[in-house]
Amino acid sequence: MGEWLSATQHAQFRQDGFLVLPDFAEPERCLELRHRALRLALERVPSPERATVFTADGKPAHAGADYFLRSGEAIHCFFERDAFDADGRLRDEAHLSLNKLGHAMHDLDPVFDRFSRTPALAAVARDLGMREPLLLQSMYIFKQPRIGGEVACHVDHSYLWTEPLSVVGFWFAIDDATTANGCLWALPGGHRIPVKSRSRLDGSRTATVMDVFDEEPYPSEGLVPLEARRGTLVLLHGALPHLSGPNLSDRPRHAYTIHAIDGVTRYLPDNWLQRSTLPLRGFVTPAPASAD
Ligand code: FE2
């Protein structure tokens, strides 16, 4: 029996590679994070000419591989591809055209820091067997109405490689997520399939390349939708195939994700995300600074 997870929940996670925990975060905390994310977007959105479009295959197109690679210890804004018209002009206001913020809000913004570090999250990480959990990256995903793009089927270990595998995704529904507005889909038990690819820095360390170990795609059948009310936490094993559909509806589908690794494993030096000035921290003890 764990501190937070029941024996049944733990067994479910081991069997399926994911676990849905409704009502984990209070709706008020979710709304506080939502307001903060929109404010950060408004304050920090770059001029569209300098924008990085974050595409469904996970690669920055447009300008800005450097902007992407530096985001591991910054708060950067990434646009939706479909936010631009055929002439390359934004169809809507810039901050309403973002795909996401990434990837260090949990260490650089006090509201995100507080949301990301709680005794409950620390207990869940311990229950999952993480000995020294470290919060590696955070993403605030807007999945805007009508333009929110799909995320193709992938496993998180491909992007955040440790030996042995240790990455766990903590996915929070900030808005209600349904099949209509692009909820997560996951392949039950798919975490037992050997990981098929790895994205890493190339020799120049200014771009990423994908090493493919197995050309066979993940099964397209058998995925199940993980519809989730605001406040739901979904835990995702690092080798679990998952995706999310496009948001074709009129309702936004905001979500917040933290990817944590175990500090006792080896974090590979050619992973895209490298920290040089900002040390990694665990789930306890938010920084003392208060939000403005
Ligand atoms: Fe993912």
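The values are calculated or read from the model by the stated rules, or taken from the named source; none is laboratory data. Because the structure is a prediction, the values reported are computed rather than measured. Please note: Cβ atoms are built from the backbone with ideal geometry, for glycine as well, and neighbour counts cover all protein chains shown. Only protein heavy atoms, including side chains, enter the accessible area calculation; ligands, DNA and RNA are left aside. Shrake-Rupley method; radii C 1.70, N 1.55, O 1.52, S 1.80 Å.
Given R0 = 35 Å, the distance between the Cβ atoms of Arg126 and Ser249 translates into a calculated FRET efficiency of 0.40. Applying 1/(1 + (r/R0)^6) with R0 = 30 Å to the Cβ-Cβ distance of Arg192 and Arg266 gives a FRET efficiency near 0.85. For Ala74, project a label point 7 Å along Cα to C-beta. Then give me every residue of the stretch 192-227 with its amide nitrogen under 12 Å of that point. From the stretch 192-227, the list is empty. Extent along the principal axes, Cα only, for the chain: 56, 45, 41 Å, with the longest axis given first.
Within the accessible area of the stretch 7-267, the carbon and sulfur atoms contribute 52%, probe 1.4 Å, all protein chains present.
Based on C-alpha pairs under 8 angstrom that are at least 6 apart in sequence, the chain has a relative contact order of 28 percent. Highest GNM mean-square fluctuation among Gly88, Gly148, Gly169, for the chain modelled with Cα contacts below 10 Å: Gly88.
Each of Glu150 and Asp87 was given a label point 7 Å from its Cα along the Cα-to-Cβ line. The distance between the two points is 3.1 nm. Full extension of the chain segment joining Asp214 with Arg229 gains 1.8 nm, where the gain is 0.36 nm per residue of separation less the Cα-Cα distance. So which GluC sites (Glu not before Pro) in the stretch 166-257 pass both tests, a DSSP loop state and at most 14 other Cβ atoms within 10 Å of the Cβ? Taking the stretch 166-257 and a limit of 14 other Cβ atoms within 10 Å, the loop GluC sites (Glu not before Pro) found are Glu215, Glu221. For the stretch 58-137 and the stretch 187-205, compute the distance between their C-alpha centroids and round to whole Å. If you average the Cα positions of each part, the centres end up 20 Å apart. Note on Leu31 and Leu108: the model spin-label points, each 7 Å out from Cα along the C-beta direction, lie 2.8 nm apart.
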